[in-house]
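Have a look at the structure below, then the notes.
Quick note: the coordinates plus some simple rules give every number you see, no bench work behind them. Given the structure is predicted, the values throughout are model-derived calculations rather than measurements. Ideal geometry is used to build each Cβ from the backbone, glycine not excepted, and the neighbour counts take in all protein chains shown.
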Amino acid sequence: MAKRQLTGTLEEQCDFLYQVAQEKMASGNYTGAVYALKEIVKHKPDYGDAAQLLEDARKRKSAQSFRLIISLAGAALFLAAGSFVGLQNDLWLFALAFAGLLAGYVVANLVRRPATS
């Protein structure tokens with residue numbers, strides 16, 4: 001999606017960006033929400049609860065990234081274990097990688113509880 005120049009008053013631009021940020025948060029796109037909210041806070045720091053929502057979006061983005069990294073580490077560990085025991089069937093290695101992703105996701109959620117609203 002190409003960037004577009006916003007028009008209208010500062011209040012209208014903030015209203016638009018706030019709506020975009022809420023849509024991004026609802027869909028789990030915390031990176032996009034952080035970007036939109038940073039723009040609001042940069043130009044109008046006292047806009048509603050934008051600063052608090054920005055903090056929440058950053059926490060959720062961090063938790064999301066943590067789960068992803070731990071899940072990938074789990075997949076790598078399970079694949080290494082499969083290779084170590086000599087599995088050569090790609091289907092079994094794929095199944096181990098998937099199991100590692102799931103195990104990593106569970107461990108990440110047990111270690112660090114996701115942000116709550």
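Secondary-structure-derived ellipticity at 222 nm for the chain, considering helices only, amounts to -26500 deg cm²/dmol, per-run term -39500 (n - 2.57) for DSSP H runs with n ≥ 4. The order of the peptides 82-89, 30-37 by mean Cβ neighbours within 10 Å, most packed first, is 30-37, 82-89. Computed from phi, the 3J(HN,Hα) profile of the range 46-58 under the Karplus parametrisation 6.51, -1.76, 1.60 (θ = phi - 60°) reads 9, 6, x, 9, 4, 5, 5, 5, 4, 4, 5, 5, 5 Hz, with x in place of Gly and Pro.
Taking 0.36 nm per residue of sequence separation and subtracting the Cα-Cα distance, how much length would be gained by fully extending the chain between Arg112 and Gln52, in nm to one decimal? Numbers along the way, then the final one.
Values: separation 60, 0.36 × 60 = 21.60 nm, distance 2.10 nm.
This chain segment gains 19.5 nm when fully extended.
In the chain the longest region clear of trypsin sites (Lys or Arg not before Pro) that are loop-assigned by DSSP and have at most 10 other C-beta atoms within 10 Å covers 5-117.
For the chain, the Stokes-Einstein estimate of translational diffusion at 37 °C and a viscosity of 0.692 mPa s comes to 198 µm²/s, using the Kirkwood hydrodynamic radius over alpha-carbon pairs. Taking other residues whose beta carbon is less than 14 angstrom from the beta carbon of Val41, and scoring Lys, Arg as +1 and Asp, Glu as -1, yields -1.
Full extension of the chain segment joining His43 with Ile69 gains 6.0 nm, where the gain is 0.36 nm per residue of separation less the Cα-Cα distance. From Cα pairs below 8 angstrom and at least 6 apart in sequence, can you work out the relative contact order of the chain, rounded to a whole percent? Relative contact order, the chain: 22 percent.
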